[in-house]
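Working notes, structure below.
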Amino acid sequence: MANLRNVFTEKQVEVLHQFTDNHDWKLMINSGAVRAGKTFVDNFLFLLAVRHAAEIAQEQHKPFVQFILAGASSKTIQSNILDEMKTTFDLDFTFDKHGSFKVNFPKLPPVKVVMAYTKSIAGLASIRGMTAYGAYINEASLANELVFDEIQKRCSGKDARIICDTNPDVPTHFLKKIIDRARETNDRTVVSNHFTIFDNEENLDPLYLEHLLNTTPTGMLYDRDILGKWTSGEGIVYADFDVKKNIITRKQFDEMYSLAMQRHGLKYVAGVDFGYEHKGCIVVIAVDKHRGKYYMVEEITHKHWQKERWILTAQKLVRKYGNIPFYCDYARPEYVAAFQDAGIKAFNAYKSRLYGVEIVGSLIKQVRFQVIKEAIDYFEKELFEYNWDEKTGDPEKKDGNDDVMDTVRYAIATYVNLQDKKRSNSNKAQSYNSKLAVADNLGLI
Ligand SMILES: Nc1ncnc2c1ncn2[C@@H]1O[C@H](COP(=O)(O)OP(=O)(O)O)[C@@H](O)[C@H]1O
Ligand SMILES: [Mg+2]
């Protein structure tokens with residue numbers, strides 16, 4: 001192969017050699033960090049594999065053969081693979097009425113590429129019973145295991161190989177078990193490659209990379225996103241929280257923001273977690289939009305408070321901070337409705353836990369989230385008991401120990417998510433990697 005290094009990273013060249021030089025493998029799992037160059041090389045392997053399938057079709061005198069292109073959903077196949085194919089190779093694929101497309105290589109029979117959606121077993125329907133001459137599974141860790149097994153079974157054509165592209169997940173994930181088992185038993189039919197973000201340093205904007213390193217929370221998220229490790233995390237979720245930096249006194253806050261500034265220059269949002277037997281909680285976050293900073297200025301946490309008492313508390317906060325939005329846990333819709341009936345601007349909170357702790361964790365790491373000492377009731381106590389669940393790779397769900405943590409997350413993650421949506425609506429045309437987008441990102445949350 002002529003100087004592949006002109007086009008590919010060192011890691012990608014390694015993977016390409018493995019693809020072409022080693023003929024024993026049936027399943028290749030390329031996993032690792034985000035933006036590590038996995039999909040770029042895997043899309044290339046996909047084309048090589050489809051071409052090989054066409055050669056087999058010719059050898060076996062078949063009018064055409066089939067190949068499986070699998071991803072979590074049609075949307076992710078489009079954005080991760082087909083759009084990328086267009087940018088990288090200027091290739092367009094035209095779908096037929098069954099949602100498949102044909103790839104034609106000169107002088108070879110065509111290859112029919114059939115989509116399979118792996119997120120649920122409904123995705124099996126499109127490939128049931130077929131004989132495939134290979135498969136490419138994007139975001140393989142999101143695949144339902146039954147669908148994954150079925151794809152493997154379908155790949156019974158001569159030389160059929162499966163390429164998997166994935167971010168890491170928990171160490172107990174079925175894909176990780178396949179990787180480990182193959183290593184332990186020296187099974188040459190399964191090969192795997194591990195990417196870190198540094199494997200793709202040459203193709204990432206240095207500013208963007210620096211930003212990612214500085215903003216990815218230490219611990220599980222850094223280990224997965226940057227180092228590409230299969231881990232469920234251990235220890236506390238907000239490992240970057242430093243009481244010396246992330247807690248300030250009311251006096252320090254008042255010195256930074258004049259009363260006029262506090263009244264008119266800051267924006268306030270609240271988070272609400274309703275509870276009776278476990279703690280109920282309302283927090284108020286002050287947002288300094290210009291400096292991208294967030295402060296917890298109120299935390300009201302109580303057990304055994306009736307709905308009415310929470311409404312009175314919210315009304316009191318409205319008198320103090322204005323008609324601010326309350327982002328609420330909607331596990332109790334009747335509570336949210338009661339807030340709304342009382343004239344409080346109550347909304348359903350953004351509830352994705354992992355994404356929420358990523359946002360809050362990132363702000364903590366950058367010391368862009370600070371907590372006012374005098375406002376704290378249970379915050380600090382909960383923070384140091386708020387651990388990763390080693391089984392699920394999510395924050396541990398422990399009754400009574402995460403109420404304030406949840407409430408803070410609702411307030412901040414909902415606000416950030418809404419801002420993010422506004423921003424992406426107005427900047428849709430911008431490319432992800434452009435300097436502009438990077439600059440935008442720096443002031444993002
Ligand atoms: N060999 C390469 N040449 C040019 N750009 C590349 C190369 N490899 C990756 N990239 C670019 O780097 C970014 C991240 O690569 P990608 O393959 O999407 O990473 P991953 O799938 O690991 O998240 C993308 O913008 C991609 O186009
Ligand atoms: Mg990718």
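Values quoted throughout were computed directly from the atomic coordinates according to the rules given, and no laboratory measurement underlies them. If you're wondering where the values come from, they're calculated on a predicted model, not measured in any experiment. Every residue, glycine as well, gets a Cβ built from its backbone with ideal geometry; the counts of neighbours run over all protein chains shown.
Only four residue types carry charge here, +1 at the Cβ of Lys and Arg and -1 at the Cβ of Asp and Glu. Report the dipole size of the range 83-210 about the Cα centre in Debye, rounded to the nearest 20.
Working: 16 positive and 20 negative charges, 216 e Å.
The dipole of the range 83-210 has a size of about 1040 debye.
Taking R0 as 30 Å, what FRET efficiency do you get between Glu308 and Arg263 from their Cβ-Cβ distance, rounded to the nearest 0.05?
Working: r = 29 Å, r/R0 = 0.96.
That pair, Glu308 with Arg263, gives E of 0.55.
May I ask for the percentage of alpha-carbon pairs in the range 187-230 that lie more than 15 Å from each other? It would help to have the intermediate numbers written out before the result.
Working: 479 of 946 pairs.
For the range 187-230, the share of Cα pairs beyond 15 Å comes to 51 percent.
Which length gain, in nm to one decimal place, applies between Lys158 and Glu334 when the Cα-Cα distance is subtracted from 0.36 nm times their residue separation?
Details: separation 176, 0.36 × 176 = 63.36 nm, distance 5.96 nm.
Here the segment from Lys158 to Glu334 would lengthen by 57.4 nm.
Quick one: Debye curve from the alpha-carbon atoms of the chain only, equal weights, vacuum; give me log10 I(q)/I(0) at q = 0.06, 0.07, 0.09, 0.11 Å⁻¹ to two decimals.
Once normalised to I(0) and log-transformed, intensities are -0.33, -0.44, -0.69, -0.94.
Could you derive backbone 3J(HN,Hα) for the range 299-305 from the dihedral phi with the Karplus parameters 6.51, -1.76 and 1.60 (θ = phi - 60°), listing whole Hz in sequence and x where the residue is Gly or Pro?
After applying 6.51 cos²θ - 1.76 cosθ + 1.60, I find 9, 10, 10, 8, 8, 6, 8 Hz.
Sort the range 261-365 into rounded, prolate or oblate with this rule: let a ≥ b ≥ c be the square roots of the eigenvalues of the Cα gyration tensor; rounded if a/c is under 1.5, and if a/c is not under 1.5, prolate when a/b is larger than b/c, oblate otherwise. Intermediate results must be reported in sequence, preceding the final value.
Values: a/c = 1.89, a/b = 1.28, b/c = 1.47.
Oblate, since a/c reaches 1.5 and b/c is not below a/b.
Diagonalise the Cα gyration tensor of the range 194-350 and give the resulting equivalent ellipsoid semi-axes, square root of 5 times each eigenvalue, largest first, whole Å.
36, 22, 15
Multiply the residue gap between Glu277 and Lys397 by 0.36 nm, knock off their C-alpha separation, and tell me the result in nm, one decimal place.
Numbers: separation 120, 0.36 × 120 = 43.20 nm, distance 1.56 nm.
In short, 41.6 nm is gained.
State, to one decimal in nm, how far the label point of Asn214 lies from the label point of Leu47, with both points 7 Å from Cα in the Cβ direction.
Here the answer is 3.7 nm between the modelled labels.
Between Asp288 and Asp389, how many nm apart are label points set 7 Å from Cα along the C-beta direction?
About 3.7 nm separates the two model spin labels.
Normalise the Debye intensity by I(0) for the range 4-202, one equal point scatterer per Cα, no solvent, then take log10 at q = 0.14, 0.15, 0.17 Å⁻¹ and round to two decimals.
-0.78, -0.91, -1.21
Using label points projected 7 Å from each Cα along Cα→Cβ, tell me how many nm separate Arg183 and Lys75, to one decimal.
3.4 nm
Students often get this wrong: which residues of the range 157-181 have the backbone nitrogen under 17 Å from the point 7 angstrom along Cα-to-C-beta of Asp149?
The answer is 173-179, whose backbone nitrogens lie closer than 17 Å to the label point.
What is the mean projected area of the alpha carbon convex hull for the range 235-442, to one decimal in square nanometres? Display every interim value, and only then the final one.
On the way: hull surface 50.4 nm².
Mean projected area for the range 235-442: 12.6 nm², to one decimal.
Alpha carbon centre of the range 263-335 versus the range 61-138: separation in Å?
Each part reduced to its Cα centre gives a spacing of 49 Å.
Over 21 Å between Cα atoms: which of Lys279/Lys397; Lys176/Lys365; Lys26/Lys97; Lys176/Lys229; Lys86/Lys229; Lys245/Lys381 fall into that group? List each step's numbers first, then the result.
Details: Lys279/Lys397 14 Å; Lys176/Lys365 29 Å; Lys26/Lys97 31 Å; Lys176/Lys229 10 Å; Lys86/Lys229 30 Å; Lys245/Lys381 17 Å.
The answer is Lys176/Lys365; Lys26/Lys97; Lys86/Lys229.
For the residues His52, His264, what sequence is obtained by ranking on other C-beta atoms within 10 Å, fewest first? Spell out each step's value before the answer.
Working: His52 20, His264 9.
The fewest-first ordering by Cβ neighbours comes to His264, His52.
To the nearest 0.05, how large is the calculated FRET efficiency for Ser126 and Lys86 if R₀ is 25 Å and r is the Cβ-Cβ distance?
Values: r = 23 Å, r/R0 = 0.91.
In this case the efficiency is close to 0.65.
Net charge near Gly134, counting Lys/Arg +1 and Asp/Glu -1 over other residues with Cβ under 13 Å of its Cβ?
Values: positive: Lys26, Arg51, Lys112, Arg154, Lys158, Arg161; negative: Asp42, Glu55, Asp159.
It works out to a net charge of +3.
When Lys and Arg each count +1 and Asp and Glu each count -1, what net charge do the other residues less than 13 Å away from Pro109, Cβ to Cβ, add up to?
Values: positive: Arg51, Lys62, Lys102, Lys107, Lys112; negative: Glu55, Glu59.
Once positives and negatives cancel, what remains is +3.
Restricting to Cα pairs below 8 Å that are 6+ residues apart, what does the relative contact order work out to for the range 4-202? Please round to a whole percent.
33 percent
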